[in-house]
Amino acid sequence: MSAPAIETRALRKTFGDLRVLDGIDLAVAPGESLVVIGGSGTGKSVLLKCILGLLQPDGGTVRIEGRSRAALAPRDFLDRVGMLFQGGALFDSLPVWQNVAFRHLRDGMARVEARERAIETLGRVGLPPRTADLYPAELSGGMQKRAALARAIAAEPAFLFCDEPTAGLDPILAGVINRLIRDSVDRLGATAITITHDLTTVRTVADRVALLDGGRIRWMGPAAAIDHSGDAHVEQFVAGSDRGPISTLR
Amino acid sequence: MIALLARIGAWTLGGLAGLGRFAAFAGAAVTHLVRPPFYGRELAVALLQIGWLSLPVVGLTALFTGGALALQIYAGGNRFGAEAVVPQIVAIGMVRELGPVLVGLMVAARVTSSIAAELATMRVTEQIDALVTLSTDPMKYLVLPRLLAATLAVPLLVGVGDLIGILGGWIVGTGRLGFVSAAYLRNTLDFLEPLDWASSFAKGAVFGFLAALMGCWFGMTSGRGAMGVGRATKGAVVAAAVAILAANLILTEAFFSA
């Protein structure tokens with residue numbers, strides 16, 4: 001049996017007195033799409049950043065394909081990563097095509113070829129060629145999200161991470177982004193972790209779902225089981241109720 | 001009393017830890033000078049932003065200061081019959097002190113603030129995290145080009161500022177104070193020594209490095225939100241200005257102490 005593509009064991013992270021992650025155990029199989037759900041401020045983004053190495057965990061381990069991430073050279077892992085940030089995080093000093101082709105340009109690809117590839121990738125996320133020469137500030141929120149997704153998938157990553165991909169979008173655009181993420185995962189065969197509190201994202205993107213609360217994974221199961229999990233945490237989350245084990249005071 | 005001492009101790013330790021982090025940041029930035037990859041396009045953009053686009057403000061500052069200096073020296077020298085030394089004192093004042101310091105302070109105002117605000121905004125909007133996930137080292141891509149560009153460009157700006165300051169003195173000296181143009185220029189050129197120019201350029205390089213370093217440090221370590229960006233920008237400009245003035249005293253002592 002092959003090692004999980006991404007695995008965390010007893011992952012812990014505190015900020016001052018606040019224990020955000022309190023022993024997270026996760027395993028994501030190669031090619032699997034895991035969606036981590038949980039309320040705002042429950043540490044979902046912190047979990048993602050600890051896996052990526054953007055934050056240093058206080059304890060526990062992160063393993064990538066069976067090897068400790070701490071022992072990997074940063075580029076050995078990050079060269080195979082695509083990341084969609086909550087706000088897009090497009091470089092606003094660069095036009096859209098240079099954002100999308102960032103890795104290619106950095107690695108010395110000819111600008112003409114890099115631009116062509118960027119326009120092709122933009123087309124894959126439904127953005128027309130004319131957007132290539134615009135700056136991120138000239139795009140709408142939904143277009144920025146799609147351009148950011150194009151940047152994330154441009155180098156055909158083996159690992160795709162999405163942080164609140166539908167935050168701030170209307171339901172129709174959110175559906176478009178969810179479908180694009182699912183298509184990208186299917187087409188690339190990438191292992192994906194998506195952070196969200198949007199149930200539509202869960203139903204579209206997830207193979208498996210983990211619910212994070214109080215610094216721990218409270219429930220994990222297949223996406224299809226989320227509506228009849230029998231778990232009080234999941235039922236409260238799905239119902240959007242203020243009554244249940246998930247505290248509304250965070 | 002114990003609580004007060006504990007607070008002072010915690011404050012001191014916090015300050016020392018911050019100083020240590022800053023020193024480590026500066027050291028890391030410098031070591032990247034000799035470690036590839038290098039981003040030539042980013043360096044070119046930084047040179048344009050820091051050097052070329054600072055020319056108007058540097059030129060105007062130097063021009064007005066040189067003119068005002070000529071008026072002051074004439075008025076002051078007049079009290080003891082030494083008004084003829086205007087060309088020499090304007091030249092030495094601009095090249096040794098006012099040129100480097102004023103250019104340094106103008107760069108702190110224009111460039112340090114810009115670097116700090118830009119990097120802090122990038123920090124707040126996760127653009128720096130995005131760089132990392134694109135396996136690009138922010139120290140190499142963002143910090144090093146700005147440090148290098150400022151260290152290279154500000155000495156040239158200082159040279160231009162020195163010349164324009166002298167020009168400002170010449171305009172006032174010949175147009176308002178009755179100096180003969182040829183004599184004014186000859187006195188200026190005869191009086192300046194190579195060490196004066198060397199000190200001016202050296203100060204420019206150090207001030208440029210400090211201005212960019214403060215912008216980068218405060219920007220890269222910015223707090224969250226608009227308040228974080230504002231604090232980073234304010235802190236960077238104040239720190240750069242103080243560092244430039246302190247470095248000026250040290251360099252003047254190093255170059256010209258008897």
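The values are calculated or read from the model by the stated rules, or taken from the named source; none is laboratory data. A quick note: this is a predicted structure, and the numbers were derived from the prediction, not measured. FYI the Cβ positions are ideal-geometry reconstructions off the backbone, even for glycines, and counts take in every protein chain you see.
Numbers below:
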quantity	calculated
Filter result for B:Gly215 (modelled with pLDDT of 95 or more, buried (at least 24 other Cβ atoms within 10 Å of the Cβ) and under 30 Å from B:Val124 (Cβ atoms))	yes
Some residue of the range A:89-103 being touching a residue at least 60 places away in the same chain (Cβ under 8 Å) and either in the same structural domain as A:Pro30 (by TED's automatic domain parsing) or farther than 21 Å from A:Arg187 by Cβ (or both)	yes
Residue within the range A:165-178 that is of a type outside the set (A, V, I, L, M, F, W, C), in contact with a strand residue (DSSP E or B) (Cβ under 9 Å, 6 or more places away or on another chain) and within 13 Å of chain B (Cβ to nearest Cβ) present	no
Test: residue in the range A:105-113 that is part of a helix (DSSP H, G or I), loosely packed, with under 15 Cβ neighbours inside 10 Å, of a type in the set (A, V, I, L, M) and touching a strand residue (DSSP E or B) at 6+ places or on another chain (Cβ under 9 Å)	no
Sole exception among (1) at pLDDT below 95; (2) crowded, with 21+ Cβ neighbours inside 10 Å; (3) basic (Lys, Arg) for B:Arg176, by number	(2)
Test for B:Gly161: is it closer than 17 Å to B:Ala109 by Cβ and under 14 Å from the mean Cα position of the chain (by Cα)	yes
So B:Gly208, is it touching an Asp or Glu at 6+ places or on another chain (Cβ under 9 Å), surrounded by 24 or more Cβ atoms within 10 Å (Cβ to Cβ) and either of a type outside the set (S, T, N, Q) or closer than 30 Å to B:Leu119 by Cβ (or both)	no
Boolean, B:Ala62 is surrounded by 11 or more Cβ atoms within 10 Å (Cβ to Cβ) and aliphatic (A, V, I, L, M)	yes
Residue, surrounded by the fewest Cβ atoms within 10 Å (Cβ to Cβ), within the range B:179-202, restricted to residues that are in contact with a Gly (Cβ under 7 Å, 6 or more places away or on another chain) and assigned to a helix (DSSP H, G or I)	B:Phe201
Any hit, the range A:125-138, residues being in a helix (DSSP H, G or I), at pLDDT 90 or above and touching a Lys or Arg at 6+ places or on another chain (Cβ under 8 Å)	yes
Matching option when the condition is of a type in the set (Gly, Ala, Ser) and in contact with a helix residue (DSSP H, G or I) (Cβ under 8 Å, 6 or more places away or on another chain), among B:Ala44, B:Ala29, B:Ala23	B:Ala29
The range A:1-19: number of residues that are under 15 Å from A:Leu55 (Cβ atoms) and crowded, with 21+ Cβ neighbours inside 10 Å	3
Subset of the range A:104-116 [free of Cβ contacts under 8 Å to residues at least 40 places away in the same chain and either more than 10 Å from chain B (Cβ to nearest Cβ) or among the small types (Gly, Ala, Ser) (or both)]	A:Gly108, A:Met109, A:Ala110, A:Arg111, A:Val112, A:Glu113, A:Ala114, A:Arg115, A:Glu116
Residues located in the range A:145-178, provided they are over 21 Å from A:Leu48 (Cα atoms), part of a helix (DSSP H, G or I) and not hydrophobic (A, V, I, L, M, F, W, C)	A:Pro171, A:Gly175
Condition check for A:Leu122: assigned to a loop (DSSP other than H, G, I, E, B) and more than 13 Å from chain B (Cβ to nearest Cβ)	no
Any hit, the range A:80-96, residues being exposed (fewer than 15 other Cβ atoms within 10 Å of the Cβ) and more than 13 Å from chain B (Cβ to nearest Cβ)	no
